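Take a look at the structure below.
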Amino acid sequence: MSRLDIFIDRMVSQRACLDHAARMTDTLSGPVFELGLGNGRTYHHMREIMPGREIYVFERAVASHPDSTPPDERLILGDVRETLPAALDRFGPNASLIHADLGGHNLEKNDRFARLVSPLVEPLLAECGLMVSSDRMYFDTLEEIDLPEHAVKGRCFIYRR
């Protein structure tokens with residue numbers, strides 16, 4: 001499989017999983033968290049499919065397209081090892097949806113990051129909240145659920161509290 005095919009599968013899966021997760025969590029009142037902004041395409045899509053929901057973005061440094069940049073009050077800058085625990089203090093265990101697209105080409109590095117961030121993400125999710133990730137995560141209390149139609153197995157993962 002070519003790298004282009006892998007990328008396309010990842011993008012199609014990400015869209016299908018985010019659309020599915022947005023529908024599954026639309027009755028939950030908690031905030032939505034986007035871990036990493038990048039150029040902002042996913043954040044822009046999340047705004048489109050979840051109008052009216054509070055979407056907070058965690059990022060080290062903003063480098064996104066201006067149309068895809070969150071307002072300052074919804075941007076949490078810094079290292080996730082510090083900002084995710086601070087988010088638990090600020091928001092409590094109330095996140096309705098958390099999305100992380102690790103997206104790197106180094107699978108070992110992605111796995112190390114997933115292992116680092118999993119215990120920081122897990123306490124943030126509300127009851128029935130969902131975590132959508134481009135890589136397998138490592139949770140003690142969340143269950144992996146089936147992917148929606150059009151998502152490619154292994155290209156995206158969904159976990160539920």
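In Å, what is the Rg of the alpha-carbon atoms in the range 42-113, and how long is Dmax?
13.2, 37
Please compute the length gained on full extension between Asp79 and Asn106, using 0.36 nm multiplied by the number of residues separating them and subtracting their Cα-Cα distance. Numbers along the way, then the final one.
Numbers: separation 27, 0.36 × 27 = 9.72 nm, distance 1.97 nm.
This chain segment gains 7.7 nm when fully extended.
If each DSSP helix of 4+ residues adds -39,500 (n - 2.57) and the sum is divided by the residues in the chain, what number results at 222 nm, nearest 500 deg cm²/dmol? Display every interim value, and only then the final one.
Details: 4 runs with 58 residues, N = 161.
Value at 222 nm, helices only, nearest 500: -11500 deg cm²/dmol.
If you average 1/r across every pair of different Cα atoms in the chain and take the reciprocal, what Kirkwood value do you get, in Å? Mind dumping the intermediate values first?
On the way: mean 1/r = 0.0639 Å⁻¹.
Value: 15.7 Å, from the Cα pair sum.
Modelling each spin label as a point 7 Å along the Cα-to-Cβ direction, I'd like the Ser2/Asp140 distance in nm, to one decimal.
4.6
Where in the range 138-152 does the amide nitrogen come within less than 20 Å of the point 7 Å from the Cα of Leu88, taken along Cα to Cβ?
138-144
Could you state the orientation-averaged shadow area of the convex hull built on the Cα atoms of the range 69-158, in nm² to one decimal?
Numbers: hull surface 27.0 nm².
Its average projected convex-hull area is 6.7 nm².
Please compute one quarter of the surface area of the Cα convex hull for the range 2-88 and express it in square nanometres.
Working: hull surface 26.0 nm².
In nm², the orientation-averaged hull projection of the range 2-88 is 6.5.
With an 8 Å Cα cut-off and a minimum separation of 6 or more residues, compute the relative contact order for the range 3-160 in percent. Let's see the in-between values first.
Values: 272 pairs, mean separation 43.7, N = 158.
Computed over the range 3-160, the figure is 28 percent.
Taken together, the values in this text are just the output of simple stated rules run on the coordinates, not laboratory data. For clarity, every value in this text was computed on a predicted model and none was experimentally measured. For neighbour counting, all protein chains shown are included, and Cβ atoms are generated from backbone atoms with ideal geometry for every residue, glycine included.
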